[in-house]
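Chemist: Dropping a structure here in structure tokens format, bear with me for questions.
The values are calculated or read from the model by the stated rules, or taken from the named source; none is laboratory data. Every value quoted in this text rests on a predicted model; they were computed, and no experiment measured them. Heads up, the Cβs are rebuilt from the backbone with ideal geometry, glycines too, and the neighbour counts pull from every protein chain shown. Surface accessibility is based on the protein's heavy atoms, side chains included, excluding ligands, DNA and RNA. Shrake-Rupley method; radii C 1.70, N 1.55, O 1.52, S 1.80 Å.
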Amino acid sequence: MASKSEIDASQSFNDSHWQMYSVSISMPSSPSRIHLESSKREHPKQEGRNVNNGIPNPPTTSIAASSEHPKHARFYCQPIPASTSYVGAAISGESLNLVENEQKNPRIDRLKDRHYDSFKTFSGKLEKKLSRLHGKHWEPEPEPEVNFSQNAEIQALPVDRYFAALEGPELDTLRASEESVLPEDKKWPFLLRYPISSFGICLGVSSQAILWKTLATSKSMSFLHISLTVNLVLWCISAALMVTVFFIYSLKVIFYFEAVRREYYHPIRVNFFFAPWIASLFLVLGVPPLVAKSLHAVFWYILMTPIICLELKIYGQWMSGGQRRLSKVANPSNHLSIAGNFVGALLGASMGLKEGPIFFFAVGLAHYMVLFVTLYQRLPTNETLPKELHPMFFLFVAGPNVASMAWTQIQGEFDYGSRIAYFIGLFLYFSLVVRINFFRGFRFSLAWWAYTFPMTGASIATIRYSNEVTNIVTQILSVVLSGISIITAIALLIVTILHAFVLRDLFPNDIAIAISDKRSKTGKKRSLRSGSSDTKDIEASLKQETSAG
């Protein structure tokens, strides 16, 4: 038997031996091999016997042997972590799965999730390049089963598919009979959840800057003693907000271009592609008076170029009579594309231009009349007009009021043409305000910000009208409409902050872009489980089939 001094020496040798290897060697590709090799080193006589729950260990070489013959073993060089959890687990013989699970990063796992590859611009190539730059061995992971047909599903979907798969006033809710191509029980990457309707915030805030500028500079509103400082502060906030939103959505265009393309083919989302350019026009219109004098007309040409390009594409589809003809896709959000013409005409005329503003005013007037009649008729083929009244209908007010101000700027006075357009917009405004009960029971979304600038436009047009017809009625009407617009903007700002930082559901999974190109085969079962509106019809059809059988 060994003496006590020999046992102590042996134990100190083993401790120093492990201490030496914990500093000098690199971790092997599989940390479990340390446990296997240490077992053999401590129990050389048990080699070849069952040591792990009755499972024979495969023959391996020891660490010492591998260090003497480095050509017979290859290890991926990995730095030892700061904590000794791997080495401690290997010495004690505990399972390393718990250690590995503790060091998993959910953000990295989300980037490695293959569910979103069909929507990525680089389809996972960016992660591969970053891994190689860090010197790591990149191994492609098998794609999940859900992606077996996504190559066909990311193609341009027909407009009928959006109507069949989605519901709600903004076509953003998946029907119970449909299934999403992306996991509904997981939170998607932020850029994939960031919608184009986020530019509605820019529309609402930048239009408020114009309103306060008009209140401070109008003669009929001089009794309010409004300072231009409010306009300057709101304009700076609008500019910073516009840069932030534009930058984030530009990242989405770069990394998730397929998702952006699906938003473009969406019958309602496509109209919000006018929002960033209209908000930019609002920023130029709301610039403080001292800076407005030095603005060059080149800004107008730069901002109107993308608007005319979008109009040539969308208006051409309205007129061509295809799947995206106006009678098929007409909805109140189409007023955004019309308002861009009138806002551009207003800005161009204020800069001293003549022909360009008249051109855009004529184009906007012609298409507004066609859209107005189409939405009022509610043709049998018009499937997109929602049955419920919704704040989206306030976009009806935007066109006439902005057209009134644009024509006033072109003509140089608030003549009869301007008054006719203003009175039409004022009547539409009051016809919607008196129906308060029809605007209850709707969940909040970022698209609601787009409904604020029609109210602001009505307020500004009323102030311009009170400058021509100054009396107590027009002044009170200007103050009331301006107060409603300001209160609405403040309320939306509070609700937005609440959903963003308290509830943290401002950007939910964007189901509108995750529909499949074909109807789900399990639609009936899902409808019966979800208790949707068409459950009764499905149950009746099933009873008829049973009775016939």
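Chemist: Return yes or no: is Lys213 of a type in the set (D, E, K, R) and open to solvent by less than 40 Å² (accessible area, probe 1.4 Å)?
Modeler: yes
Chemist: Further question: Please enumerate the residues belonging to segment 294-312 that are surrounded by 13 or more Cβ atoms within 10 Å (Cβ to Cβ) and not hydrophobic (A, V, I, L, M, F, W, C).
Modeler: Those that are surrounded by 13 or more Cβ atoms within 10 Å (Cβ to Cβ) and not hydrophobic (A, V, I, L, M, F, W, C): Pro306, Glu311.
Chemist: Given the structure, is Ser197 at pLDDT below 95, hydroxyl-bearing (Ser, Thr, Tyr) and in a helix (DSSP H, G or I)?
Modeler: Criteria met by Ser197.
Chemist: Only one of (1) open to solvent by less than 50 Å² (accessible area, probe 1.4 Å); (2) under 22 Å from Ile210 (Cβ atoms); (3) within 21 Å of the chain's Cα centre (by Cα) fails for Trp277. Which number is that?
Modeler: Going through (1) open to solvent by less than 50 Å² (accessible area, probe 1.4 Å); (2) under 22 Å from Ile210 (Cβ atoms); (3) within 21 Å of the chain's Cα centre (by Cα) one by one, Trp277 breaks only (1).
Chemist: Out of segment 162-191, which residues are in a helix (DSSP H, G or I) and surrounded by 20 or more Cβ atoms within 10 Å (Cβ to Cβ)?
Modeler: Listed by number, the residues that qualify are Tyr162, Ala165, Leu191.
Chemist: Next up: Starting from segment 272-292, keep only residues that are over 24 Å from Arg262 (Cα atoms), then list their pairs with residues that are open to solvent by 30 Å² or more (accessible area, probe 1.4 Å) and aromatic (Phe, Trp, Tyr) whose Cβ atoms are within a distance under 6 Å, requiring at least 6 positions of separation or different chains.
Modeler: That search, which allows pairs on different chains as well, returns Val284/Phe299; Gly286/Trp235.
Chemist: While we're on this one: Pick from segment 316-332 the residues that are surrounded by fewer than 24 Cβ atoms within 10 Å (Cβ to Cβ) and of a type in the set (Gly, Ala, Ser): which of them is farthest from Asn401 (Cα to Cα)?
Modeler: So the residue we want is Gly322.
Chemist: Would segment 423-435 turn up any residue that is at pLDDT below 95, under 30 Å from Leu506 (Cα atoms) and of a type in the set (Val, Ile, Thr)?
Modeler: Yes; the residues of segment 423-435 include at least one that is at pLDDT below 95, under 30 Å from Leu506 (Cα atoms) and of a type in the set (Val, Ile, Thr).
Chemist: Just to verify a result, which residue in segment 216-244, among those that are open to solvent by less than 60 Å² (accessible area, probe 1.4 Å) and in contact (Cβ under 8 Å) with a residue 60 or more places away in the chain, is nearest to Leu336 (Cα to Cα)?
Modeler: Selected residue: Ser218.
Chemist: Additional query: I need the full set of residues from segment 348-360 which are more than 18 Å from Lys313 (Cα to Cα) and assigned to a helix (DSSP H, G or I), in order please.
Modeler: So in segment 348-360, the residues more than 18 Å from Lys313 (Cα to Cα) come out as 348-358.
Answer for segment 348-360, where residues must be more than 18 Å from Lys313 (Cα to Cα) and assigned to a helix (DSSP H, G or I): Gly348, Ala349, Ser350, Glu355, Gly356, Pro357, Ile358.
Chemist: Which numbered condition in (1) of a type in the set (Gly, Ala, Ser); (2) in contact with a helix residue (DSSP H, G or I) (Cβ under 9 Å, 6 or more places away or on another chain); (3) more than 24 Å from Pro454 (Cα to Cα) is the only one that Ser250 fails?
Modeler: It is condition (2) that Ser250 fails.
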